[in-house]
Structure formats: structure tokens, C-alpha cells
Amino acid sequence: MLERNLRHDKAVLAACGGPALSQLALRLQCIEDQLEASGMRLDHIVGVVGRGGLLRPLAGGTYLVNDEMLEELRRAERGDHAANLGAFSGAGNCAAHWSGGIHRGPGFSG
């Protein structure tokens, strides 16, 4: 297990322009760089957790990322914030490096 808090320079984030979602590629690259620097092989990752996000009120707990969740975060109806990238960050890392792809199962629905 690896746990890190990555900080980003405000000027670098501002250069991405647009909403927080425009920072996703930069943030994913920072995650990948940190994993590789820590000696972790990306193709050996068996789980990714993204946290946060300005979603509609939900019961406390853990939710699988699915298309509905990503779409709600993409719309940013409850605010545009970097916390909305947690689900995208986990999904992006899964899709890019897991041979089985991303598991988008039940667990988040309206």
C-alpha cells in the first residue's frame, strides 16, 4: 500500500485553464510519476481508491465508480472543485493500467 498527499503549484493548475476536470491529465501523470518513483509497477496495482466529490446527498459508505457517478461529477452541479476528480483519478488509473479494465458495477444510482 502506498499513501501520498500530492501538492500542485497553483500556477501550474491555472495553466490547465477551465474547470477542475481540465486538470485531470496533469494530476494523473503526477500520480503515475509518484507510483513509479516508489518502485510500484503500474501493471501490478489491484485496487485504486478515489475520495471526495461534490455529489448529491448519499448515505455514508463506499461506492463503486460507474458512468452515472462520473457524469454527475462532470456536470459539477454542486460545485467545481478538485475533490470531483477523485472518482476520475481512480477510474483513469484503472482503465490505463489494468488488463481487466475498470469495474463499473452497481452501487451508485439515483
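The values are calculated or read from the model by the stated rules, or taken from the named source; none is laboratory data. Given the structure is predicted, the values throughout are model-derived calculations rather than measurements. Here Cβ is always computed from backbone atoms with ideal geometry, including for glycine, and neighbour counts include all displayed protein chains.
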Can you tell me which residue is farthest from GLU71 (Cα to Cα) among those in segment 1-57 that are in contact with a Leu (Cβ under 7 Å, 6 or more places away or on another chain), surrounded by 11 or more Cβ atoms within 10 Å (Cβ to Cβ) and among the small types (Gly, Ala, Ser)? ALA20
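Considering only residues of segment 37-48 that are assigned to a helix (DSSP H, G or I) and touching a residue at least 12 places away in the same chain (Cβ under 8 Å), which is nearest to the chain's Cα centre (by Cα)?
Kept after step one, since they are assigned to a helix (DSSP H, G or I), are these residues of segment 37-48: 37, 42-44.
So of that shortlist, the ones also touching a residue at least 12 places away in the same chain (Cβ under 8 Å) come out as 42-43.
Values: LEU42: 16, ASP43: 18 Å.
Step by step, filter segment 37-48, then rank; the result is LEU42.
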How many of the residues in segment 1-36 are under 23 Å from ARG78 (Cα atoms), over 14 Å from the mean Cα position of the chain (by Cα) and part of a helix (DSSP H, G or I)? 4
Would you pick out the residues in segment 31-50 that are modelled with pLDDT under 80 and in contact with a helix residue (DSSP H, G or I) (Cβ under 7 Å, 6 or more places away or on another chain)? LEU42, ASP43, ILE45, VAL48, VAL49, GLY50
Kindly indicate whether any position in segment 95-104 is in contact with a helix residue (DSSP H, G or I) (Cβ under 6 Å, 6 or more places away or on another chain), among the β-branched types (Val, Ile, Thr), in a loop (DSSP other than H, G, I, E, B) and modelled with pLDDT under 90. yes
Considering residues of segment 63-92 that are without any contact (Cβ under 8 Å) to a residue 40 or more places away in the chain and in a loop (DSSP other than H, G, I, E, B) only, the residue surrounded by the fewest Cβ atoms within 10 Å (Cβ to Cβ): GLY79
